[in-house]
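Can you read through this structure? Questions will come right after.
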Amino acid sequence: MKVFQHLSRHLIKSIDQFTDITGRAVSWLTLLMVALTVVIVVLRYYFESGSIALQESITYLHGIVFMLGIAFTLQRGGHVRVDIFYRGFSPHKKALVDFIGGILLLLPVCLLIFIFSWDYVVASWAIGETSEESSGIAGIYLLKTLLLLMPATLILQGIAETLRNLLILLSQPDVTVPDHIEPMI
């Protein structure tokens, strides 16, 4: 049992660190989206010029932020949940609800998204799918790859959350808040 707990803690910490690094990196893309939006508006209204590739890049960045930021949101407890009863639960009951939710909902749904997206993404890569606009971004297949990366990162963080909740259920309450995660300012 001690070996399981030690390995679980190590795995949780490793996954949390990966999620934290990728989440913080991806969060900077929102600043880039704002800057590009300003550039697009200035080009359009002051210089009567535009760029389809710039406009499409906003969509790409938006997709990256949401699809690759979802595991970071899960890690921080920022996902949507019905909190009417949950907030009054003890840490043990919360861990039980989160454990069951992870096993029965989160992990299976992410696996299904990955499986059902595979052929779609592979087909896009096979034809080197590009924008319908001649001056658009030539890498729609890269955008569609997010359909595989999102469930993969969410499965990783889901494993960490499920293990964390299992350790709490096994009377290991000191695993509730990872020590290496600092709040974003």
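Here is a list: L32, L43, L68, L54. Which entry is within 29 Å of G136 (Cβ to Cβ), of a type in the set (A, V, I, L, M, F, W, C) and free of Cβ contacts under 8 Å to residues at least 12 places away in the same chain?
Criteria check complete, one pass: L43.
Sticking with this structure for a sec: Being polar (S, T, N, Q), surrounded by 11 or more Cβ atoms within 10 Å (Cβ to Cβ) and within 18 Å of G78 (Cα to Cα) narrows it down to one of T37, T59, T22, so name that one.
Of the residues listed, the single one that is polar (S, T, N, Q), surrounded by 11 or more Cβ atoms within 10 Å (Cβ to Cβ) and within 18 Å of G78 (Cα to Cα) is T22.
So which residues in the range 70-98 are surrounded by 10 or more Cβ atoms within 10 Å (Cβ to Cβ), in a helix (DSSP H, G or I) and not aliphatic (A, V, I, L, M), if there are any at all?
F72, T73, Q75, Y86, P91, H92, K93, K94, D98, listed by residue number.
Is it the case that V122 is modelled with pLDDT of 95 or more and surrounded by 12 or more Cβ atoms within 10 Å (Cβ to Cβ)?
yes
Examine the range 145-168 for a residue that is at pLDDT below 95, surrounded by fewer than 18 Cβ atoms within 10 Å (Cβ to Cβ) and either of a type in the set (V, I, T) or not in a loop (DSSP other than H, G, I, E, B) (or both), and state whether such a residue exists.
Checking the range 145-168: not a single residue is at pLDDT below 95, surrounded by fewer than 18 Cβ atoms within 10 Å (Cβ to Cβ) and either of a type in the set (V, I, T) or not in a loop (DSSP other than H, G, I, E, B) (or both).
Give the range 99-138 a look and list any residue that's of a type in the set (V, I, T), assigned to a loop (DSSP other than H, G, I, E, B) and touching a residue at least 24 places away in the same chain (Cβ under 8 Å), or say none.
I137
The values are calculated or read from the model by the stated rules, or taken from the named source; none is laboratory data. Being a predicted model, the structure only gives us computed values, none of them experimental. When we count neighbours, we look across all protein chains shown, and the Cβ atoms used for this are built from the backbone with ideal geometry, even at glycine.
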